[in-house]
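Peer 1: The structure is given below, and queries will be raised subsequently.
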Amino acid sequence: MKMILKVIAAPFVLVLALLSALCWFLFDLCAFFLTIASVIVAVLGVCLFFTPTPLGGAVFLFLAFLLSPYGLQAAAGTLIWALDGGKSALCRFLVS
């Protein structure tokens, strides 16, 4: 029975390995551009504090936080890390 489960799990390991590698590559590429965008938006947000509408500055700083490595990038990294952990768990099942 265990051998049948291993045969069924093998294609899933392959798909998860390819998907995980692709997601990490895209994450690293997008993280670079999002960090640059975050810096630009943060500078614009600070500049907006010296205009008659400082609320726009607060909105821009919030958007800069979402684009920063501590915002949406951290959430995406956690999801990709969980996907990679599932692949590792299936690999350990295949080896056992």
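The values are calculated or read from the model by the stated rules, or taken from the named source; none is laboratory data. Keep in mind it's a predicted model, so treat the numbers as computed, not measured. No Cβ is skipped: glycine too gets one built from the backbone with ideal geometry, and neighbour counts run over all protein chains shown.
Peer 1: In this structure, is GLY56 surrounded by 14 or more Cβ atoms within 10 Å (Cβ to Cβ), free of Cβ contacts under 8 Å to residues at least 12 places away in the same chain and not in a loop (DSSP other than H, G, I, E, B)?
Peer 2: Values: surrounded by 14 or more Cβ atoms within 10 Å (Cβ to Cβ): yes; free of Cβ contacts under 8 Å to residues at least 12 places away in the same chain: yes; not in a loop (DSSP other than H, G, I, E, B): yes.
Yes; evaluated as a whole, the condition is true for this residue.
Peer 1: Follow-up. What number of residues in the stretch 59-90 are in a helix (DSSP H, G or I), of a type in the set (Gly, Ala, Ser) and in contact with a Ser or Thr (Cβ under 8 Å, 6 or more places away or on another chain)?
Peer 2: 1
Peer 1: Restricting attention to the stretch 24-47, does a residue exist that is touching an Asp or Glu at 6+ places or on another chain (Cβ under 9 Å) and surrounded by 13 or more Cβ atoms within 10 Å (Cβ to Cβ)?
Peer 2: Scanning the stretch 24-47, I find at least one residue that is touching an Asp or Glu at 6+ places or on another chain (Cβ under 9 Å) and surrounded by 13 or more Cβ atoms within 10 Å (Cβ to Cβ), so the answer is yes.
Peer 1: In this structure, does LEU5 turn out to be in contact with a helix residue (DSSP H, G or I) (Cβ under 7 Å, 6 or more places away or on another chain) and modelled with pLDDT under 95?
Peer 2: Criteria not met by LEU5.
Peer 1: Could I ask something else about it? Yes or no: the stretch 34-43 includes at least one residue that is touching a residue at least 12 places away in the same chain (Cβ under 8 Å), at negative phi, assigned to a helix (DSSP H, G or I) and among the polar types (S, T, N, Q). Even if it seems obvious, please write down each step before you answer.
Peer 2: From the stretch 34-43, those touching a residue at least 12 places away in the same chain (Cβ under 8 Å) are 34-35, 37-39, 41-42; that's our starting set.
So of that shortlist, the ones also at negative phi come out as 34-35, 37-39, 41-42.
Checking which are assigned to a helix (DSSP H, G or I) leaves us with 34-35, 37-39, 41-42.
Next, only the ones that are among the polar types (S, T, N, Q) stay: 35, 38.
Among the residues of the stretch 34-43, at least one is touching a residue at least 12 places away in the same chain (Cβ under 8 Å), at negative phi, assigned to a helix (DSSP H, G or I) and among the polar types (S, T, N, Q), which makes the answer yes.
Peer 1: Additional query: Looking for something in contact (Cβ under 8 Å) with a residue 12 or more places away in the chain and not in a helix (DSSP H, G or I) - is there at least one such residue anywhere in the stretch 12-27?
Peer 2: no
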